[in-house]
Amino acid sequence: MITKRSGRAAAETPCRVTVCRGCCCGDAAKIPGVDHAGQIPRLRAALPGVAVRASECLDVCDQANVVVVQPSAAGRAAGGRPVWLGLVNDDDALADIAAWIRAGGPGIAEPPGVLDLYAMTVSRRVREGLEREG
C-alpha cells in the first residue's frame, strides 16, 4: 500500500522518535550534568533513517527528559502503540532506546528490560496532543 503523504510503502514507514524540549526537558538548571543539546544528535546518529524530532513541552515535566517512541507502520499493524519514556537523562538510556528501535520498536521487538524503569503512562489529553502534532 502506498501512502499519499510519503509515497513509500506503509510497511516501510519506520518508527518516529519525539524528544521533549519544552520548559523543563532539556533544561540544565533543572537537570544538571546532562548533555541535553547532544541527546537529539546522538539519537539521530544511532538511528539513520528514523525521524528524530524535538517537540515543545509534552506536559509531563516531572518526568524530564521525555522521549516518545512511535511504532513503525508494521509495528502499529502488529498492535504496537506509542511508548512514553521519562527520566531519560543518560547515554545508556539513549543507547537502549536506539537498540530497541533498530530491533523494530513497539509492536515488533520487546524493549530491553531496563526500559521498564523509564516507561510511564500519560493522560489521554497529553497522548492525543502529541498524536495531533505528528
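Values computed for the structure shown
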| quantity | calculated |
| --- | --- |
| Rg to Rh, two decimals, where region 13-133 supplies the alpha carbon set and Rh follows Kirkwood | 0.93 |
| Net charge of neighbours whose Cβ lies under 10 Å from the Cβ of Ser72, counting Lys and Arg as +1 and Asp and Glu as -1 | +1 |
| Antiparallel DSSP beta bridges within region 13-133, percent to nearest 5 | 65 |
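All of the numbers you see were taken from the coordinates with simple rules; none came from a lab. Treat the numbers as computed from the prediction; the structure is a model and nothing was measured. Because the Cβ atoms are built from the backbone with ideal geometry, glycine has one as well, and the counts that use them run over all protein chains shown.
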